[in-house]
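Data block below; observations after.
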2 protein chains.
Amino acid sequence: MVLSEFELIRLFSSESSLSRSDVVLGIGDDAALLSVPGGMELVVSMDTLVDGVHFPESTDPFSIGVKSLAVNLSDMAAMGAEPAWATLSLTLPEADSEWMQEFCRGLFSLANYFGVQLIGGDTTRGPLSVTVQMHGFVPAGQALRRNAARVGDLVYVTGTLGDAGLALRLLGNEQNDKDRNYLIDRLARPSPRIATGLMLRSAANAAIDISDGLLADLQHICQASGVGAAINVDALPLSTAFKSVITVCDVIEPFSFPLSAGDDYELCFTVSPENVPKLNQIDDVAMTCIGKIEDEPGLRCFIKGEKFMPNKKGFDHFSERACSDD
Amino acid sequence: MVLSEFELIRLFSSESSLSRSDVVLGIGDDAALLSVPGGMELVVSMDTLVDGVHFPESTDPFSIGVKSLAVNLSDMAAMGAEPAWATLSLTLPEADSEWMQEFCRGLFSLANYFGVQLIGGDTTRGPLSVTVQMHGFVPAGQALRRNAARVGDLVYVTGTLGDAGLALRLLGNEQNDKDRNYLIDRLARPSPRIATGLMLRSAANAAIDISDGLLADLQHICQASGVGAAINVDALPLSTAFKSVITVCDVIEPFSFPLSAGDDYELCFTVSPENVPKLNQIDDVAMTCIGKIEDEPGLRCFIKGEKFMPNKKGFDHFSERACSDD
């Protein structure tokens, strides 16, 4: 069924009753009009998901809706920002009413949960891709930046690593068991760590979200901060499902996997030792200390104290990309 | 030549020395940090251009760069907003250094001219498409909206109409004459009416930019304002090139053409009769009165006082679209 342009998003977005008081004018004019609260900086991120590159072609529209918002919410979390407004640019081969309904149901489930209002966007015909831009607020000067790691900081990650990357290996596998389903769910519907990001404003120095893999993203922190890091690979938090499935998967280098697989959308952050007790106030997600910031540039990995050279991979869309190349 | 991700845009953007004081943190972290001046509302628009849909596949990268920014600047103009920041999501089949350099040269020529800083974005691999989100400011309560047309208002347009639409008809035609080149230039590199939009804040009631064609866009104003309009088709401003080329083109209904062809990115606005003298202060573009707002809903067209029924076409990407179907 062919539907008409941005009207169809408006149609399905009517299931969202959300109407923020800082939205002066939402969807329906040449642009939206918005009011940023006094004392707040505006935080802006933008991410594009392309069919077959950022999600497998078999992905259901509900999950695409969720993920397109989740990856941007994850950027807000990494800045310590409170999300507020989103715009959506949706390019679709054809306007399929059922597809759109499921996509919107996914997108608005997450938007409503986090109090995010859709304020505008664009719908065009073409190969399937979704661009979301997210806007949030952070008190002026309090954002969590990449460049603020200091020598002696401890390096933490939230949740578990490698689940989404392992899920990609399982896609051809039709077996329906709870471990596989858990991992696929981690890939399709990441959990943005918004509440954690807000709490970390007063505890962490630097933060980033893990989209390209721990090594690549921690390296971003280190480069921006002019430092290096040591990582205890045996401390990496792994899910029960990951530990169970990795043994039966044809993974050449199991230890490298959670270091380099992307798409987990957990947070990686650094904390001064004196601020570690503040982490006790954060109880919505597990946090694991996996290493330490050092003076010497570069990343060094250790297993039981022995140096370990991981197989790096997949940091760049234009060289290789987990979803398309695995 | 294969280059790495958003780095290459950063590379080429380094030719832009623009560094706005309201950008706290630009490209290079999980999100940008921005400071909206007090008393200002934030104005946000987003437009996606897809290869073969919004620009012909033969379009040169410089023009794609210009146009992707121009269509969003045009939305700012239509709101009476001053543009400030842009984000860019670029999806490319391959990272071609020469293509990218020309694209950036086009995009930054316009960005620098209008004082717009690129604050972030995303680069992904996939079928060519460009999404730009523009952010601007307008003093609180002063934005030009679609819903503010009043019965008795005069309807104006800037510049000339139909040039871009006619250019699409000429694309197969390799003839190199000045009329053809003028029209192609109007299609490839529209002129956002920013200065006019700023001046119109104190003169106009409602405004919109003409992207889908005059009839479709004026109808948006009328529907949002709960009014109708009469249009004097013989008053439509036409360029010399348009008038010369339309006679040799196989256009079935020449009068309908400037009414319905899109992609002109001129402004259409309504003005109370007592505010018409204020338009004399605007001298950066020609403005032509083409009709009047009336109580009766719907649009009515006249040629020399006689009712005229235009051939409507091409308002919707999912039903038909000028660039792909003409």
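If you go through segment A:219-239 one residue at a time, do you hit one that is at pLDDT below 90 and touching a helix residue (DSSP H, G or I) at 6+ places or on another chain (Cβ under 8 Å)? No.
The selection criterion, being in contact with a Phe, Trp or Tyr (Cβ under 8 Å, 6 or more places away or on another chain), over 22 Å from residue B:295 (Cα atoms) and not β-branched (Val, Ile, Thr), does not hold for residue B:237. Looking only at residues of segment B:153-202 that are of a type in the set (Asp, Glu) and part of a loop (DSSP other than H, G, I, E, B), we find that the one that is nearest to the other protein chains (Cβ to nearest Cβ) is B:153.
Rundown of residues vs (1) in contact with a helix residue (DSSP H, G or I) (Cβ under 6 Å, 6 or more places away or on another chain); (2) farther than 19 Å from residue B:122 by Cα; (3) not assigned by TED's automatic domain parsing to the domain that holds residue A:197, yes/no style:
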site: A:46; (1), (2), (3): no, no, yes
site: A:50; (1), (2), (3): no, no, yes
site: A:82; (1), (2), (3): no, yes, yes
site: A:98; (1), (2), (3): no, yes, yes
site: A:110; (1), (2), (3): yes, yes, yes
site: A:119; (1), (2), (3): no, yes, yes
site: A:126; (1), (2), (3): no, no, yes
site: A:132; (1), (2), (3): yes, no, yes
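The set of residues from segment A:14-66 being in contact (Cβ under 8 Å) with a residue 60 or more places away in the chain, within 14 Å of chain B (Cβ to nearest Cβ) and among the polar types (S, T, N, Q) comprises A:45, A:48. Residue count for segment B:122-144, restricted to those that are surrounded by fewer than 22 Cβ atoms within 10 Å (Cβ to Cβ) and closer than 20 Å to residue B:266 by Cβ: 0.
Selection of segment A:114-131 for residues being modelled with pLDDT of 90 or more, of a type outside the set (S, T, N, Q) and within 19 Å of residue A:25 (Cα to Cα) yields A:115, A:116, A:118, A:119.
Is there a residue being small (Gly, Ala, Ser), within 17 Å of the chain's Cα centre (by Cα) and not assigned by TED's automatic domain parsing to the domain that holds residue B:64 anywhere in segment B:167-189? For segment B:167-189, residues small (Gly, Ala, Ser), within 17 Å of the chain's Cα centre (by Cα) and not assigned by TED's automatic domain parsing to the domain that holds residue B:64: present.
Restricted to helices (runs of 4 or more DSSP H) entirely inside segment B:1-113, those with at least 3 residues that are at pLDDT 90 or above and buried (at least 24 other Cβ atoms within 10 Å of the Cβ) are B:61-79, B:97-113. Can we say residue B:150 is more than 10 Å from chain A (Cβ to nearest Cβ) and among the basic types (Lys, Arg)? Taking the combined requirement at face value, the residue satisfies it. Once segment A:266-285 is narrowed to residues that are within 25 Å of residue A:73 (Cβ to Cβ) and of a type in the set (Asp, Glu), the residue that is modelled with the highest pLDDT is A:266.
Of all residues in segment B:67-95, those being among the acidic types (Asp, Glu) and more than 10 Å from chain A (Cβ to nearest Cβ) number 1. Out of B:258, B:277, one residue alone is outside any loop (DSSP other than H, G, I, E, B) and either in contact (Cβ under 8 Å) with a residue 40 or more places away in the chain or of a type in the set (S, T, N, Q) (or both). It is B:258.
Residues checked against (1) hydrophobic (A, V, I, L, M, F, W, C); (2) under 30 Å from residue A:148 (Cβ atoms):
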position	(1), (2)
A:22	no, yes
A:29	no, no
A:38	no, yes
A:42	yes, yes
A:49	yes, yes
A:59	no, no
A:66	yes, no
A:84	yes, yes
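In segment A:118-152, the residue that is nearest to the chain's Cα centre (by Cα) out of those that are assigned to a loop (DSSP other than H, G, I, E, B) and among the small types (Gly, Ala, Ser) is A:143. Please find, among B:266, B:274, B:294, B:306, the residue that is more than 25 Å from residue B:55 (Cβ to Cβ) and in contact with a strand residue (DSSP E or B) (Cβ under 6 Å, 6 or more places away or on another chain). Only one candidate qualifies: B:294.
The condition of being acidic (Asp, Glu), surrounded by fewer than 17 Cβ atoms within 10 Å (Cβ to Cβ) and in contact (Cβ under 8 Å) with a residue 12 or more places away in the chain holds for only one of A:234, A:264, A:177, that being A:234.
Residue check: residue A:215 meets all listed conditions (1) outside any helix (DSSP H, G or I); (2) over 30 Å from residue A:115 (Cβ atoms) but one, namely (1).
The values are calculated or read from the model by the stated rules, or taken from the named source; none is laboratory data. It should be emphasised that the depicted structure is a prediction, and the values quoted were computed from it without experimental measurement. Neighbour counts run over all protein chains shown; Cβ positions are idealised from the backbone, glycine included.
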